[in-house]
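The values are calculated or read from the model by the stated rules, or taken from the named source; none is laboratory data. None of these values were measured; they are calculated from a predicted model. Neighbour counts are summed over all protein chains in view; Cβ atoms, including those assigned to glycine, are modelled from backbone coordinates with ideal geometry. Areas reflect the complete protein model, heavy atoms only, side chains present, ligands, DNA and RNA absent. Shrake-Rupley method; radii C 1.70, N 1.55, O 1.52, S 1.80 Å.
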Amino acid sequence: MYSSDTCCKCLLKLEPGASGCIRNFGKMDTLLKQRLADLGVTEGARVTVKSYCPWGGPVTLESNGQLLGIRKQQASHIEVVVS
């Protein structure tokens, strides 16, 4: 499914401006998974890290042309494929 030149990593390991495709959501809360799915953020969706807020604030992501923020704790469950 993924080529040999791809790498899987936690979403929080991406630098601002970097993109990846969501591989899985791990043990993320089911309600949050559903809310993200309602926004079109599902497995296979391409996401770009826009910024990390200081002092433990949310991570700002862009997906499908929209910006959204999620807690770092929740973002730590998301695994992305970077090519």
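Over 19 Å from Gln66 (Cα atoms), free of Cβ contacts under 8 Å to residues at least 60 places away in the same chain and among the β-branched types (Val, Ile, Thr) - does that describe any residue in the range 12-29? Checked against the condition, which is being over 19 Å from Gln66 (Cα atoms), free of Cβ contacts under 8 Å to residues at least 60 places away in the same chain and among the β-branched types (Val, Ile, Thr), the range 12-29 yields no hits at all. Checking Gly44, Gly57 one by one, the residue that is exposed (fewer than 13 other Cβ atoms within 10 Å of the Cβ) and within 12 Å of the chain's Cα centre (by Cα) is Gly44 and no other. Taking the range 29-64 as the range and being touching a strand residue (DSSP E or B) at 6+ places or on another chain (Cβ under 9 Å), closer than 16 Å to Ser76 by Cα and not in a strand (DSSP E or B) as the test, the residues that pass are Leu32, Leu36, Val41, Thr42, Glu43, Cys53, Gly57, Pro58.
In the range 65-83, the qualifying residues are those that are in a loop (DSSP other than H, G, I, E, B) and free of Cβ contacts under 8 Å to residues at least 40 places away in the same chain, and the one that is surrounded by the fewest Cβ atoms within 10 Å (Cβ to Cβ) is Gly65.
Taking the stated definitions as given, is Gly20 open to solvent by less than 40 Å² (accessible area, probe 1.4 Å) and within 17 Å of Gln73 (Cα to Cα)?
Numbers: open to solvent by less than 40 Å² (accessible area, probe 1.4 Å): yes; within 17 Å of Gln73 (Cα to Cα): no.
When the stated conditions are applied, Gly20 does not pass them.
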